[in-house]
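As structure tokens, the structure follows; a few thoughts come after it.
Values in this text are rule-based calculations from the coordinates and carry no lab data. Remember, it's a predicted structure, so these values are computed and weren't measured experimentally. Don't worry about glycine lacking a Cβ; one is built from the backbone with ideal geometry, like all the others, and counts go over all protein chains shown.
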Amino acid sequence: MARRHQQQLIIGLLLFCVIIDAVQSQELKNGTACKEEILQLVCDSESEVLVIHRAVFDGQDTEGCGFFMPINISSLLPATSSAAPDLNQKNLTEQEEEEEGLGRRRLFSVQSTVNRRCSGLNNCTVQLENDEPQAKQWGDGKLQVLYNCIPAKSAKYSCNAIIEIVTPEMSSSPNNLMVSDEAPADMVTTKPKWYPGPKQVHGWGYLHNMGYPEYYRGSDKGEAVDCRWTIRANHGRRVRLTLLDLSIRSVVQGEHECQDVLTVMEHSRLLLNKCGDVEEPLVIETSADEVNITLSVKSKFQSKRGLMAYFTAMGCPTPRIPKQGYLVSGSNSSRAEFLCSVDHVFPDTGIRSRNLTCLSQEGHRWNEDLPDCIDIKHYNNKSSSIHHIIRDQKVNKNATEPEAGELTNYSLTYDLIVPTSIIAGLIFGNLLVLAGVIHCRRRNSRKLGSPKVENGTGGDGEECVPLQETPGPSDVPQNRVGTPV
């Protein structure tokens, strides 16, 4: 039982992540109520209808629910074996313990129940304890519903309709779609409704059969009636289809095959062939840019809902190929590699190759626009051009770049020898200057410290010039009045 709960939880979490990623351009609403409470879902406008994206019962979230504290009854039951459970509990790895903890969360999908009560209507009420027979066995918890309100006519497409998903228009912020208050993004079309040809939607949209959610019908003559819809995306993108609700006639006793069946095909490849109901959203992602949905009905009239699906485009469209360049790899991928022709480079980098990355979280666009390749002779920066020519020649010759820590002749010369020579030259020059300064200071100090002599030579053997004393005031003869000189 715990293993089953664990699988249900993992499937529910995966579906939640997929749905959130698929409807990231929408603002979905959330409704929550305890199992015994009544949950009311209402659209703001009378011309809108409810679309249920996700509905689960979370037995772990019991805040404010029930009269007593929630108790896991299975933990109080005696074990089938007295020794084996303890031994297995001791040998559990950390991953198994985490999975056991997730399994005890008791997460159950109630998508079919909520769809039966709400999908395609303007407002509804759900009391899980009364609407879901198995809810009484789940204990306390909360019903969590993720839904959207769309115009009632926005998802009605006639049979054999072709729907094109174009790149959504972006506002100032890449994460914000230009969606008006009067109409959602799936209703913003570039062509009037009466215009023949494919119907264009921006980013995402919904699709359901005529008569949803009250009924669907076939031919009164008992012949099979096929209603086919084709959904296309820009070249290079993929189509993601989510079956939010499917309620058609299943195989009854005495029949060997489905009388009414839903088929999803990607060109000639069969992706889905199903009848009956779906208990939780079913996600189908194509590897191409087109998918065909066919509802084949042999019944005259069925009081079942039919089909409600959500579709969107994933990935980035094939980027524009620059002049004098070509695409190496990257069609239907999150990365694209381009290469310029021989003797041509990209003008902003000066190299032949360029890699692009698809920014799926920012409106499904590439990280940059590619400029056209130019002749290498027209590349202005000569020094950068020479460097990149050498690099391109190495690429053409399949020359591998040195690994980290490996020294080549180029790196050895410019990274080791040249800096060492410069430093050694500076040190040697400083030593020469310092020696010259010391020599001059010693010579000046010897000259200042030599004795004064009148004749002869000085202390260092050099001939010295006799010093003449400056006559003082008493040595100068004074002329007095009346005294002959």
Mean Cβ count within 10 Å, highest first, over the residues of peptides 241-247, 43-49, 56-62: 241-247, 56-62, 43-49
Residue separation times 0.36 nm, minus the C-alpha to C-alpha distance between residue 60 and residue 256: what's the value? 66.4 nm
I need the calculated FRET efficiency for the pair residue 167 and residue 283, taking r as the beta carbon distance and R₀ as 25 Å, to the nearest 0.05. 0.70
Pair residue 342, residue 298: separation of 7 Å Cα→Cβ label points (nm): 6.4 nm
Extension gain, residue 416 back to residue 353 (0.36 nm per residue minus Cα-Cα distance, nm): 19.6 nm
Packing-based order for 128-135, 155-162, using average beta carbon neighbours within 10 Å, highest first: 128-135, 155-162
Tell me the label-point distance for the pair residue 221, residue 448, using the 7 Å Cα-to-Cβ offset, in nm and rounded to one decimal. 12.9 nm
Rounded to two decimals, what is the ratio between the C-alpha radius of gyration of region 184-328 and 2.2 N^0.38 Å? 1.22
Alpha carbon centre of region 27-52 versus region 423-444: separation in Å? 90 Å
Protection-proxy order for peptides 341-348, 108-115, each taking the mean of Cβ atoms within 10 Å per residue, highest first: 108-115, 341-348
As an exercise, use a Förster radius of 60 Å and the Cβ-Cβ distance of residue 40 and residue 324 to find the FRET efficiency, rounded to the nearest 0.05. 0.40
Long pairs among 142/298; 35/298; 29/199; 35/274; 29/136; 199/221, criterion Cα-Cα beyond 29 Å: 142/298; 35/298; 35/274; 199/221
